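Nothing in this text is a laboratory measurement; each read-out follows from the coordinates by a stated rule. Please read these numbers as outputs of a predicted model, since none were measured by experiment. Glycine gets a Cβ as well: all are built from the backbone with ideal geometry, and neighbour counts include every protein chain shown.
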Amino acid sequence: MRNARKFTAMAAGLAVASLALAACSSGDAGDNESGGTGSSDEVEVFTWWASGSEKLGLDALVGVFDTQNPDVEFINGAVAGGAGSAAKDLLQSRLQANDPPDTFQAHAGAELTDYINAGQVDDVSDLYDEFGLRDTFPADLVERLTVDGKIYSIPSNIHRANVVWANTQLLTDSGLDPAAKYETIDDWFVALDAVKEKTGRTPLSLATTWTQVNLLETILLADLGAEGYNGLWDGSTDWASSEVTDALADFEKLISYTNTDRDGLDWPDATQQVIDGNAAFNVMGDWAVAAFEEAGKKAPADYVYMPVPGTDGVFDFLADSFTLPVGAPHPEGAKAWLKTVGSLEGQVAFNKAKGSIPARNDAKPEDFSEYQQSAMTSFGQDTIVSSLAHGAAAPVAWSNAISDATSKFTTGGGDLAGFQADLVAAAEANAS
Ligand code: GAL
């Protein structure tokens with residue numbers, strides 16, 4: 001059933017736009033231009049899953065890898081910083097210096113297309129045949145990994161970015177029904193006010209810039225709807241429109257409910273505030289569920305979750321995938337890693353620990369948590385849109401420009417009109 005899901009047309013547009021440039025990317029899985037030894041005895045895996053629940057996810061995958069490949073040494077190239085906030089720049093320097101890791105984490109969609117267009121990753125279509133993966137993933141997901149008929153990575157999971165996590169006790173203390181869903185952002189403001197007035201705790205926890213962009217994208221989605229949000233990326237929604245102004249005003253108001261030390265924090269800190277009952281709500285991708293579980297918390301007794309108000313029925317999608325970089329020093333080790341990533345055993349172990357759902361369409365829902373089963377249902381029936389903060393919606397340069405504008409705004413570097421003007425300029429400079 002999940003194969004039948006409709007992703008937005010945006011991905012196809014990006015893929016088409018990339019066709020001409022894709023010719024830059026050379027080699028294939030069987031012909032890696034490594035110049036290395038091709039030795040299969042080690043593999044450096046570059047991710048940003050360096051600590052906490054994210055590392056537990058990686059460890060689970062490595063556990064399967066070690067069992068499947070007892071002779072290949074796993075070298076952990078993880079660079080800390082949620083959403084790759086530090087890793088991506090470092091990776092780019094390494095790729096430009098012809099010093100690639102053997103495989104790296106890349107988001108399906110626009111971000112992966114950047115690597116493909118730059119000729120930094122090899123075609124792994126042959127591996128799809130060799131590992132029997134052709135019919136294993138949703139067709140629309142594979143489309144986001146494909147340029148000019150060649151597939152450039154193997155997906156490990158599917159995450160949802162538009163989720164609100166909340167502390168059950170703090171909601172109760174605020175006179176709120178923990179089971180309540182908020183249909184609109186305005187309804188949510190009423191609840192945020194109640195938390196502030198009744199408990200004096202932080203209504204909405206937030207962290208560094210990328211988490212602010214994650215929040216921003218979900219508010220754009222709530223206020224513009226899926227079609228309007230998609231239009232931001234394909235040019236059919238005007239960034240200068242009054243609808244965008246209204247969404248930015250909601251974003252500005254939401255920021256007023258957040259902790260002022262946000263810029264010094266990463267996502268686990270903001271989510272921890274909800275886990276500990278120091279904040280009521282946190283908007284975070286569903287890797288957060290793994291943090292609640294790691295802390296021994298149970299839903300709904302300790303925490304509850306819901307789509308960001310105004311986004312029910314829409315699944316703000318992202319997928320981590322693994323690549324074979326051009327010039328990987330240990331392509332055989334990389335292929336062994338990619339095989340584990342694509343395997344049912346690898347996907348079940350990894351996703352159970354990571355909070356995401358398997359990209360493969362043959363995993364059994366009953367092997368997963370209640371939250372994950374709800375995510376599987378949503379993914380199967382919701383409208384799917386692409387996450388901005390997690391590389392699916394816009395190329396890295398555009399996404400960086402939006403991050404800069406957001407940070408400037410939330411750190412007091414301008415008013416709403418200036419923020420919108422910066423976003424308009426970012427679109428003008430980067431939209432294809
Ligand atoms: C996303 C990534 C997720 C998770 C999150 C927080 O970009 O796709 O797997 O790691 O960042 O770091």
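See the values below:
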| item | result |
| --- | --- |
| For the range 36-159: rounded, prolate or oblate by the Cα gyration tensor [a/c cutoff 1.5] | rounded |
| The range 362-432-the range 168-224 distance, computed between alpha-carbon centres (Å) | 18 |
| Debye, to nearest 20: dipole size of the chain, +1 on Lys, Arg Cβ, -1 on Asp, Glu Cβ | 560 |
| Table column - 3J(HN,Hα) (Hz), the range 409-423, Karplus curve with 6.51, -1.76, 1.60, x for Gly and Pro | 5, 6, 9, x, x, x, 9, 4, 5, x, 4, 5, 4, 5, 5 |
| For the range 276-432: rounded, prolate or oblate by the Cα gyration tensor [a/c cutoff 1.5] | oblate |
| Estimated vicinal HN-Hα couplings, Hz - the range 300-309 in sequence order (Karplus 6.51, -1.76, 1.60; Gly, Pro = x) | x, 4, 9, 8, 10, 9, 7, x, 3, x |
| Shape category assigned to the range 195-329 from the gyration tensor of Cα positions, a/c cut at 1.5 | oblate |
| Sparse-neighbour loop sites [trypsin sites (Lys or Arg not before Pro); the range 287-393; at most 12 other C-beta within 10 Å; DSSP] | Lys298 |
| Within the chain, helix-based [θ] at 222 nm, where runs of 4 or more DSSP H residues each add -39,500 (n - 2.57), nearest 500 | -14000 deg cm²/dmol |
| 5 angstrom amide H check on Thr103, placed H, neighbours 5+ away | Glu44, Phe46 |
| Rounded to 5, the percent of DSSP beta bridges in the chain classed as antiparallel | 55 |
| Whole-Hz couplings from phi, Karplus 6.51/-1.76/1.60, listed for the range 103-119; x for Gly and Pro | 7, 9, 6, 9, 7, 4, x, 4, 5, 5, 4, 4, 5, 5, 4, 7, x |
| Debye intensity ratio I(q)/I(0), log10, the range 380-432, q values 0.18, 0.26, 0.30 Å⁻¹ (C-alpha model) | -0.62, -0.98, -1.12 |
| Estimated inter-spin distance, Thr377 and Ser236, nm [label 7 Å along Cα→Cβ] | 3.0 |
| Ranked list, fewest to most other Cβ atoms within 10 Å of each Cβ, for Arg144, Arg134, Arg160 | Arg134, Arg160, Arg144 |
| Stokes-Einstein D in µm²/s, Kirkwood radius over Cα pairs - the chain at 37 °C with 0.692 mPa s viscosity | 151 |
| At R0 = 25 Å, FRET efficiency that the Cβ-Cβ distance of Asn98 and Thr67 yields, to 0.05 | 0.15 |
| Exceeding the 30 Å Cα-Cα cut-off - candidates Lys297/Lys335; Lys339/Lys364; Lys352/Lys408; Lys181/Lys297; Lys181/Lys253 | Lys297/Lys335; Lys352/Lys408 |
| Average Cα contact separation per residue, the chain, under 8 Å, 6 or more apart, as relative contact order % | 29 |
